[in-house]
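Each reported figure results from applying straightforward, stated rules to the coordinates on display, with no laboratory input. All values reported here derive from a predicted model rather than from experimental measurement. Cβ coordinates were reconstructed from backbone atoms using ideal geometry, including for glycine residues, and neighbour counts include every protein chain displayed.
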Amino acid sequence: MFFMENRRQASRLLRDEDVRVKIISAPAQPELIGSGIESETIDVSATGLRLLLEVALAVGSRLELLVMVGEQGREYRLVGDVVWRRETESAGVYLVGIKLLSAKGFELESWCTLFG
């Protein structure tokens, strides 16, 4: 996975934060729209997240993310697109790369201040 780190636009920080994921768009998996999934981060940056999921979300899916930053006791409401997915050595568990997006009603600016 070394090559993936070189494509990142922002510094990556190893973080284990709880995330509630809501699927708001999934062109390749319309049956998942509206579903909620509990997850956790592997790492975060100002522009993205790497999540550990038990659902094989397709690239191009759009997600609403509620990320609880434990040290702050604050939840951030974000939106992002799945840009890559890989199955881990544990069957049925996936690493998913999320690119965060700027959108009205979401807190990307506050997130960037925290992790930028």
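Local charge sum around Val59 (other residues, Cβ-Cβ under 13 Å, Lys/Arg +1, Asp/Glu -1)? Taking every other residue near Val59 into account, the sum is +3. Dimensions of segment 61-116 from C-alpha coordinates, computed as largest minus smallest value along each principal axis and given longest first, are 35, 25, 18 Å. Pick out which of Glu40, Glu64, Glu87 has the largest mean-square fluctuation in a Gaussian network model of the chain, springs linking Cα atoms closer than 10 Å. Its mean-square fluctuation being the largest, the pick is Glu87. All alpha carbon pair distances within segment 14-69 were sorted into 10 Å bins beginning at 0; the resulting P(r) in whole percents reads 25, 55, 20, 0.
Taking label points 7 Å from Cα along the Cα-to-Cβ direction, Arg77 and Val59 give a separation of 3.1 nm.
Near Ile24, once Lys and Arg are set to +1 and Asp and Glu to -1 for all other residues with Cβ below 10 Å from its Cβ, the sum equals +1.
Just add up the charged neighbours of Thr41: K/R +1, D/E -1, any other residue whose Cβ is under 10 Å from the Cβ of Thr41.
Local charge sum for Thr41: -3.
Its DSSP H runs of at least 4 residues, each contributing -39,500 (n - 2.57), put the calculated 222 nm mean residue ellipticity of the chain at -3000 deg cm²/dmol, to the nearest 500. Multiplying the residue separation of Leu52 and Glu38 by 0.36 nm and subtracting their alpha-carbon distance yields 4.1 nm. When only Cα pairs below 8 angstrom with a gap of at least 6 residues are kept, segment 2-115 shows a relative contact order of 24 percent.
log₁₀ I(q)/I(0) of segment 2-115 at q = 0.14, 0.19 Å⁻¹, via Debye over equal Cα point scatterers, no solvent, to two decimals? Listed by q, the Debye log ratios stand at -0.52, -0.99.
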